[in-house]
Structures are given as structure tokens and as C-alpha cells.
1. Go through Leu294, Leu322, Leu355 for me and flag whichever is over 27 Å from Met210 (Cβ atoms), outside the structural domain of Ala205 (by TED's automatic domain parsing), within 17 Å of the chain's Cα centre (by Cα) and not in a strand (DSSP E or B).
2. When only residues in the range 50-95 that are on the phi < 0 side of the Ramachandran plot and among the small types (Gly, Ala, Ser) count, which is nearest to the chain's Cα centre (by Cα)?
3. So, in the range 273-316, how many residues would count as being within 14 Å of Ile170 (Cβ to Cβ) and in contact with a strand residue (DSSP E or B) (Cβ under 8 Å, 6 or more places away or on another chain)?
4. Could you list, in sequence order, the residues of the range 53-72 that are in contact (Cβ under 8 Å) with a residue 12 or more places away in the chain and part of a loop (DSSP other than H, G, I, E, B)?
5. Take Ile296 and tell me if it is buried (at least 24 other Cβ atoms within 10 Å of the Cβ), farther than 20 Å from Pro162 by Cβ, in contact (Cβ under 8 Å) with a residue 40 or more places away in the chain and in contact with an Asp or Glu (Cβ under 7 Å, 6 or more places away or on another chain).
6. Yes or no: the range 250-265 includes at least one residue that is under 30 Å from Met132 (Cα atoms) and not in a helix (DSSP H, G or I).
7. Take Val326 and decide whether it is in contact with a strand residue (DSSP E or B) (Cβ under 9 Å, 6 or more places away or on another chain) and either buried (at least 24 other Cβ atoms within 10 Å of the Cβ) or under 12 Å from Ile356 (Cα atoms) (or both).
8. What residue, of Val32, Val50, Val27, is of a type in the set (Val, Ile, Thr), at pLDDT below 95 and either surrounded by 12 or more Cβ atoms within 10 Å (Cβ to Cβ) or part of a loop (DSSP other than H, G, I, E, B) (or both)?
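The values are calculated or read from the model by the stated rules, or taken from the named source; none is laboratory data. Keep in mind the model is a prediction, meaning the values are calculated, not measured. FYI the Cβ positions are ideal-geometry reconstructions off the backbone, even for glycines, and counts take in every protein chain you see.
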Amino acid sequence: MKPLSRRALLHVLGAGAGAAALAGCGVPPAYVAPADRAATDRSGRDRSLVFANWPLYIDTDDKDPQKRPTLDGFQRETGISVTYTEEINDNDEFFGKISPALMNHQDTGRDLIVVSDWMASRYVRLGWVQPMDRDRQPHVAKELDPLLRRPAFDPGRLHTVPWQSGITGIAYNRRKLGREIRRTADLWHDDLRGRVTLLSGMDEAFCMLMQGNGADVTRWTADDFHTMTEQLRGLVRRRHIRRFTGNDYIKDLSSGDVLACQAYSGDIIQLQADNPDIAFVVPEEGAELWAESLMIPDLARHKANAEQLIDHYYRPETAARLAASVNYVCPVPAARHVLADSKDKEEAELAENPLIFPSDDMRRRLATARDISAKERPAFAKEWNEIVGL
């Protein structure tokens, strides 16, 4: 069996506990004007940088987990020393950790961070991250997946670059259910009453559910949101939804307590290795393609070094090695050809896995939702939390 996925490990650690409370704590965020975001870049004389990431989100050597081949290769090639920390366990928790420095116009001590795009939108809106110099990033400019190039919160991807991507869709046990699931509405059939779960996080769950009702999530409205929540209220009243979950849906699906659930593509790849009856579906109405993105915080001291590291991971060979290790949707489509040519049978098979390189048919059904604005969020979160019981 493969190791726990990154998301599964975070659930075990209980990283999400208290996140909602942390998000609302402290001094109100302060906007930073463009002219006040950059510090004197020390990259030329100080060949180093600090990179903060999530646990289990980079390739490691099979014999020595402390070695990270793609990162080690960058350091050998460039002479840039990278201090790599696995300190991001939750988007809100990390926001609370570095926001005092950013709102008070201080260096965070980090040159590169990775957060989910729904949270990245908050940093961009507040002016807490710097625009990148694409002249230093020719591979990003050339290789970034077109589906990920134009998020509503960061047109042109000037402030953010996807580290990895994924799909929030439907997972189910094909043998135990005894039928196929093709649409979101298939989750509401009577044979799944009490045997289906949805994700508890509003930002993780709402997109696919609105798509199931026919909404265009790239420009969804308040009416679309309320239609979706009213539908959920009815399902909860009828006890159709077993519960709203974090990553514990993995355990429920594996044990058979749950027959279908809202799920992340990266988790299901690992479940399928042990149980081929587990299927993952992008519903006919569509599902969300999300990303967790690299950003350079305000006043970072090694901006050019950080830009160079980002570009390193957009080389198809590097992206392929990372994708083969973490099993998320690769933001570099050209990495597929690298894996297909691999002499390693398992790596070559990954090139044909649609949960790492979505098929053309699947790609036509993927969309990235517009983010929830700061003005909308309090009321929407209150309505959502009343339904899921948070």
C-alpha cells in the first residue's frame, strides 16, 4: 500500500481543527500598495532561499526520505541552497501565522510559500504577494496548463504559479453499489440514502454541487449558491447524507460504510491501488479543477532565486518526477510524454492515468470557480456552517 496522501495525513494530524476560528482572529488585514511590496533582492550575493510547503508534497528518495531528488538537483545545478520546511498544515492556520508580519510590512522569513488558490486569492487581494518576472521563468510561460492560466483572482497568473493541481469529483465503490455514477444527481438516488458523504469545507465542496444544478461556476451568483444550499437542507432533513467529512471519507469508502462520496482525485489514485472497485468520476455536468500555488510574499529577500526555483519545477522532466511521486494532477501537460517514455513500467502507466493527466473529454468538463469575495464570505459561510453543523 502506498503511504498516506498529504490530505489524509493532515486529517490524522487534526490540522483543520480550529481553522475557522483562526481565520477571524487578530487585527483586520491591511492592504499593501504595489510600491511597498518589494525589498532589496539579495539573490545575487546570497545564493539561498526559504521554501515553505505542505507535508508529503514533494518527491523523496525511496531509500532516504530526507533526500528530495528534484530539489537536490536544483541545488547542484544552480548553487542555490534551499531551506525546505513542511510547516503548512492548514490554509487558515498558516494565514494566521504569517499575517501579522505581512500586515505590518515586515519580512515573513520565507521566500516561497504554497497555499490553495481560494486562499491565494486573499493574499493577492490584500497585496501581500509580489508579481513574478516571467523573463526569469521561460518554462512557466511555455508549459503551464492552459486550464490553469487565468483564474479570476489573478488574471494572467502574475502573482501565483500552480505547484500541483487536482479535481474534486465523485468516488464510489462500483461493485458494492451495483451501478455507475455519471452525474451529481446520481448521488441523490434512494439506494444511496445514508451511504453518501460530502466534504465539510465550503470552498472545497460548493463548486461541484452548483455544477450539478447547471450553474456556470466561472461566474456563479448568490442565487446559484442559495439554490444549492436549499437542496442540501432537504437532503440533510431526509437523512440522505450520512455526514459531511474531512479526509476521513477515505476510511469510510475503504471500509464500505460509505458507497459514494465527494472526493479528491489525488486520494483516489492511492485507494485504487488497493481496491480496483473504487472509481472516480468527473460528473457530466462538470467538476472543479483546483490548484495549490506557489507565491512570493512581500519583502521576500531572495525573489530572483525563488523565481528560478519555480521555473525549475516547470521543466517537463522535473514536473514528471514530482507528479510520479505525489500523484496529483500535473500542471505541466508535457510531463506526460516524459513519463510515457520511462523505462519504469509503473511510471509509464502513470502517463495514461486521467487523474494525473486528464483526458480531453474530462478536460472539457473541468472548470475553476470564481472565488468567494470578502463581502460574500461571512453570510455564505454562516449559511453553509448551519447546514453541515460546524
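1. Working: Leu294 fails: not in a strand (DSSP E or B); Leu355 fails: over 27 Å from Met210 (Cβ atoms).
None of the others qualify; the one that does is Leu322.
2. From the range 50-95, those on the phi < 0 side of the Ramachandran plot are 50-55, 57-78, 80-95; that's our starting set.
The next check asks that each one be among the small types (Gly, Ala, Ser); those that pass are 52, 73, 81.
Details: Ala52: 15, Gly73: 25, Ser81: 27 Å.
Top of the filtered list is Ala52.
3. Here the count works out to 9.
4. The first filter runs over the range 53-72 and keeps only residues in contact (Cβ under 8 Å) with a residue 12 or more places away in the chain, leaving 53-60, 68-71.
Result: Asn53, Trp54, Pro55, Leu56, Tyr57, Ile58, Asp59, Thr60, Arg68.
5. So Ile296 does not fit the description; no.
6. Within the range 250-265, the subset under 30 Å from Met132 (Cα atoms) is 264-265.
Imposing the further condition that a residue be not in a helix (DSSP H, G or I) reduces the set to 264.
Scanning the range 250-265, I find at least one residue that is under 30 Å from Met132 (Cα atoms) and not in a helix (DSSP H, G or I), so the answer is yes.
7. Yes; evaluated as a whole, the condition is true for this residue.
8. Residue meeting the stated conditions: Val27.
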